[in-house]
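Take a look at the structure below.
The values are calculated or read from the model by the stated rules, or taken from the named source; none is laboratory data. Computed from a predicted structure; not experimentally measured. Cβ atoms come from the backbone with ideal geometry, glycine included; neighbour counts cover every protein chain shown.
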Ligand SMILES: Cc1cc2nc3c(=O)[nH]c(=O)nc-3n(C[C@H](O)[C@H](O)[C@H](O)COP(=O)(O)OP(=O)(O)OC[C@H]3O[C@@H](n4cnc5c(N)ncnc54)[C@H](O)[C@@H]3O)c2cc1C
């Protein structure tokens with residue numbers, strides 16, 4: 001057992017650090033955000049430029065095979081890169097779905113010509129991908145999708161509606177889960193496609209989120225034509241394709257928990273007063289700082305354990321679901337406590353209260369989404385209970401029934 | 001980075017697990033619980049003979065000279081099997097204190113006896129929390145007078161390491177003027193005894209600073225106890241899961257109710273977080289890393305929480321039968337409390353963790 005870098009890891013870290021210092025911009029404060037002050041178009045252009053640079057240097061998708069434009073590196077190297085990159089101002093929430101979910105699904109399931117067509121531009125940030133699974137009647141119950149794809153010769157004609165699609169308003173392509181057979185039980189009648197988001201009949205309508213932002217959207221499909229060559233996996237094999245994507249998603253959200261939230265708490269607690277003393281001296285505050293560390297460091301260590309398993313040739317299993325479960329709730333709890341530090345004044349927006357508060361206020365407004373996206377807390381607990389602990393599955397009345405006979409809501 | 005135990009270490013763990021499954025049975029633990037034995041003699045003998053208990057004592061002092069990582073895995077199995085033996089008193093605390101603070105002569109004299117099981121040692125290194133004023137223990141000249149009010153394994157110990165003011169003192173309990181009174185306790189599987197001294201011969205452990213040594217020994221013990229706690233928590237969760245698959249209510253296995261599934265998923269999550277913190281602590285302990293105080297406190301807090309929650313909910317999920325003397329649920333309930341307070345509460349350790357984090361952020 002050893003937590004330190006091996007000589008190879010240390011060499012890689014040094015290489016990454018040197019590259020970042022030569023090409024990136026170091027954060028001036030811990031909570032500096034990429035593209036502050038830019039409008040969306042300019043921010044997107046800057047993000048694409050950064051992604052292209054990263055790809056050219058072989059850092060955009062370190063674990064991808066070389067043939068796909070990746071580096072053929074290890075998961076450990078990927079983590080080292082992320083640790084080092086955390087000190088720099090880099091774009092967030094733009095390429096995650098492309099690199100983490102969309103393109104890996106293409107890599108696993110698409111025909112060779114399609115891989116050649118899509119992987120490199122995707123990696124270089126020239127094309128951005130979204131994930132079109134959820135619908136108004138199918139969220140946790142992903143198998144309930146009703147967006148219909150009907151075959152016409154070499155093409156499929158798609159009609160229906162998706163919802164909560166992150167980034168759809170700036171995306172070029174998406175992986176789309178559709179229903180192609182209504183007479184089979186729900187999970188057996190699904191088929192996955194690549195869809196061109198600029199194709200005629202695709203309409204994206206941003207949704208105004210509780211945070212005030214519009215990161216996700218409704219997407220409507222009216223007679224959208226998709227070539228059969230854009231099918232991912234077999235006809236009616238979409239469920240399996242989707243599962244391979246979702247496993248990636250749960251891992252990636254857990255990996256996104258910042259590991260220094262306790263340090264942000266400490267900084268804020270130094271500035272606030274409780275009973276006329278610095279809050280940092282109050283034992284209740286100190287206890288919460290300790291708990292914040294326990295959760296963040298715990299998630300980091302669970303991931304480290306998973307990486308060790310990978311490096312020994314084992315696959316980390318559904319146990320890894322705990323990372324997203326713990327991380328998302330930790331963000332919510334830690335941010336809420338940070339706001340409480342300031343008492344009634346903590347309710348004042350950071351625009352008036354001070355930039356120090358931006359990070360925690362934004363985290364607090366974003367955290368409810370993190371607990372829902374990629375599987376709600378409840379669904380993740382079901383995964384742990386059933387797939388890790390071996391407890392019985394939920395009672396399902398919809399398993400064997402043809403989809404068209406099911407009730408929907 | 002390599003965040004796992006080696007195959008050899010796992011082999012040792014398997015051997016200990018097999019031995020304990022045979023000897024540290026519910027019946028053996030209940031012998032102690034019900035006052036028919038002071039500890040599980042057979043279990044203790046086996047742990048000593050395998051060299052498992054003395055894994056971290058260097059060979060030159062009669063130990064197995066393996067290391068702390070090995071001792072951590074032994075501790076995890078000890079927790080799984082609720083061992084009723086003086087492992088923590090002798091090996092996590094007393095032997096460690098002597099190793100770190102003793103003179104060469106003291107080490108040569110006492111450590112082989114502890115390692116070989118000839119002698120049980122116990123220790124009280126001081127705690128932040130207390131209810132009553134500290135019992136008046138006075139070390140003057142070369143003798144000790146006063147009372148140490150509640151020592152685990154004090155009834156069977158032949159040696160004690162005690163914190164007296166700013167000193168660590170070594171007392172041979174075979175010496176003159178020692179008397180003992182059993183003290184009732186919430187976890188009778190780990191009996192407590194008051195030791196009274198009347199001009200009993202004693203000697204200092206000559207380390208430079210008692211407080212520093214005590215803190216270091218307690219950090220190590222926190223990591224080792226975290227492994228016991230994780231072992232115990234994992235065991236009671238397994239038992240609860242199994243029971244929930246057998247027991248039926250409303251025409252279903254109770255384990256199919258989502259309220260129970262989610263509770264077990266939460267316990268599992270707490271245990272896995274505690275486990276990785278314990279591993280991190282094990283690494284810090286075995287490599288003497290500067291992270292030790294932080295890692296040990298994190299392991300202590302998360303493992304205490306995990307075991308307490310697993311034990312509390314374990315009873316709840318068993319329903320009425322979980323509250324009976326015959327079921328082992330209460331053994332874990334008691335043991336979780338014992339391990340969680342033995343070297344200071346979760347809250348005291350959380351405060352220590354916060355101190356470390358704040359120092360680091362300065
Ligand atoms: C910020 C954000 C980004 C998103 N991005 C995308 C995206 O890019 N692409 C995409 O396809 N989707 C995306 N989603 C959608 C997300 O996957 C779904 O919102 C989520 O799976 C929950 O589905 P739902 O909203 O329909 O809620 P429902 O499934 O209706 O759930 C409502 C409540 O019921 C509970 N519940 C449901 N079933 C069970 C059960 N079996 N047991 C216990 N409780 C249950 C849920 O936990 C929840 O509390 C995003 C969501 C958010 C919040």
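Within segment B:64-72, the presence of a residue that is touching a strand residue (DSSP E or B) at 6+ places or on another chain (Cβ under 8 Å) and not in a helix (DSSP H, G or I) is excluded. The residue that is farthest from residue A:349 (Cα to Cα), among those in segment A:218-240 that are surrounded by fewer than 22 Cβ atoms within 10 Å (Cβ to Cβ), within 21 Å of the chain's Cα centre (by Cα) and within 16 Å of the ligand (Cβ to nearest atom), is A:239. Every test in (1) assigned to a strand (DSSP E or B); (2) within 13 Å of the ligand (Cβ to nearest atom) is passed by residue A:193 save one, and that test is (2). Given the structure, is residue A:55 part of a loop (DSSP other than H, G, I, E, B), away from the ligand (no atom under 16 Å from the Cβ) and touching a residue at least 24 places away in the same chain (Cβ under 8 Å)? Here the answer is no, as residue A:55 does not meet what is asked. Only one entry in B:234, B:265, B:259 is in contact with a helix residue (DSSP H, G or I) (Cβ under 9 Å, 6 or more places away or on another chain) and more than 9 Å from every other protein chain (Cβ to nearest Cβ), namely B:234. Of the numbered criteria (1) surrounded by 15 or more Cβ atoms within 10 Å (Cβ to Cβ); (2) within 16 Å of the ligand (Cβ to nearest atom); (3) touching a residue at least 40 places away in the same chain (Cβ under 8 Å), the one residue A:408 fails is (1). Just so you know, in segment A:358-399 the residues that are at positive phi and near the ligand (Cβ under 8 Å from one of its atoms) include one that is surrounded by the fewest Cβ atoms within 10 Å (Cβ to Cβ), and it is A:374. For segment A:335-357, the criterion of being within 16 Å of the ligand (Cβ to nearest atom) and crowded, with 19+ Cβ neighbours inside 10 Å is met by at least one residue. Per the conditions (1) part of a helix (DSSP H, G or I); (2) without any contact (Cβ under 8 Å) to a residue 40 or more places away in the chain; (3) within 11 Å of chain A (Cβ to nearest Cβ); (4) surrounded by fewer than 20 Cβ atoms within 10 Å (Cβ to Cβ), the sole criterion not satisfied by residue B:330 is (3).
Only residues that are in a loop (DSSP other than H, G, I, E, B) and over 25 Å from residue A:10 (Cβ atoms) were counted across segment B:1-15, and they come to 0. Going by what's in this entry, would residue B:313 be described as more than 11 Å from chain A (Cβ to nearest Cβ), closer than 26 Å to residue B:184 by Cα and surrounded by fewer than 17 Cβ atoms within 10 Å (Cβ to Cβ)? In short, no. Filtering segment B:195-216 for residues that are in contact (Cβ under 8 Å) with a residue 60 or more places away in the chain, touching a helix residue (DSSP H, G or I) at 6+ places or on another chain (Cβ under 6 Å) and either in a strand (DSSP E or B) or surrounded by fewer than 17 Cβ atoms within 10 Å (Cβ to Cβ) (or both) leaves an empty set.
Filtered by the rule that a residue be under 21 Å from the mean Cα position of the chain (by Cα) and within 13 Å of chain A (Cβ to nearest Cβ), segment B:1-12 gives B:5, B:9, B:10.
Remark: pairs (first residue in segment A:37-52, outside the structural domain of residue A:206 (by TED's automatic domain parsing); second residue assigned to a helix (DSSP H, G or I); Cβ separation under 6 Å; 6+ apart in sequence or on different chains) = A:44/A:170.
Out of all the residues in segment A:266-289, which are within 16 Å of residue B:351 (Cβ to Cβ), touching a residue at least 12 places away in the same chain (Cβ under 8 Å) and facing chain B (nearest Cβ under 9 Å)? Selection gives A:266, A:269, A:280, A:285, A:288, A:289.
Over 21 Å from the mean Cα position of the chain (by Cα), within 16 Å of the ligand (Cβ to nearest atom) and within 21 Å of residue A:98 (Cβ to Cβ): is that true of residue A:202 in this structure? The answer is yes for residue A:202. Being within 12 Å of the ligand (Cβ to nearest atom) and not in a strand (DSSP E or B) is the filter; apply it to segment A:155-185 and report the residue that is farthest from the other protein chains (Cβ to nearest Cβ). Top of the filtered list is A:169. Scanning segment B:16-35 for residues that are more than 20 Å from the chain's Cα centre (by Cα) and part of a helix (DSSP H, G or I) returns B:18, B:22, B:27.
Here is a yes/no grid of residues against (1) part of a helix (DSSP H, G or I); (2) touching a strand residue (DSSP E or B) at 6+ places or on another chain (Cβ under 6 Å); (3) without any contact (Cβ under 8 Å) to a residue 24 or more places away in the chain; (4) away from every other protein chain (no Cβ under 14 Å):
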| residue | (1), (2), (3), (4) |
| --- | --- |
| A:10 | yes, no, yes, no |
| A:13 | yes, no, no, no |
| A:30 | no, no, no, no |
| A:34 | no, no, no, yes |
| A:77 | yes, no, no, no |
| A:97 | yes, yes, no, yes |
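Out of the residues in segment B:240-252 that are on the phi < 0 side of the Ramachandran plot and surrounded by fewer than 17 Cβ atoms within 10 Å (Cβ to Cβ), state the one that is nearest to the ligand (Cβ to nearest atom). Top of the filtered list is B:252. Checking segment A:147-154 against the condition returns no match, with no residue being near the ligand (Cβ under 8 Å from one of its atoms) and either more than 21 Å from residue A:71 (Cβ to Cβ) or within 14 Å of chain B (Cβ to nearest Cβ) (or both).
Sub-6 Å Cβ pairs linking a first residue in segment A:306-317 that is within 12 Å of residue A:76 (Cβ to Cβ) and at the interface with another protein chain (Cβ under 8 Å from one of its Cβ atoms) to a second residue that is in a loop (DSSP other than H, G, I, E, B) and at pLDDT below 85, at least 6 apart or interchain, are A:309/A:316, ordered by first then second residue. Of the residues making up segment A:384-409, those that are within 11 Å of another protein chain (Cβ to nearest Cβ) and either more than 19 Å from residue B:240 (Cα to Cα) or out of contact with any helix residue (DSSP H, G or I) (no Cβ under 6 Å at 6 or more places or on another chain) (or both) are A:386, A:390, A:394, A:395.
When each of B:319, B:340 is tested for being in contact with a helix residue (DSSP H, G or I) (Cβ under 6 Å, 6 or more places away or on another chain) and touching a residue at least 12 places away in the same chain (Cβ under 8 Å), the lone residue that passes is B:340. For segment A:110-133, the candidate set comprises residues that are in contact (Cβ under 8 Å) with a residue 12 or more places away in the chain and more than 24 Å from residue A:91 (Cβ to Cβ); within that set, the residue that is farthest from the ligand (Cβ to nearest atom) is A:113. Does residue A:313 meet the test of being part of a loop (DSSP other than H, G, I, E, B), more than 16 Å from the ligand (Cβ to nearest atom), modelled with pLDDT of 95 or more and out of contact with any helix residue (DSSP H, G or I) (no Cβ under 6 Å at 6 or more places or on another chain)? In short, no.
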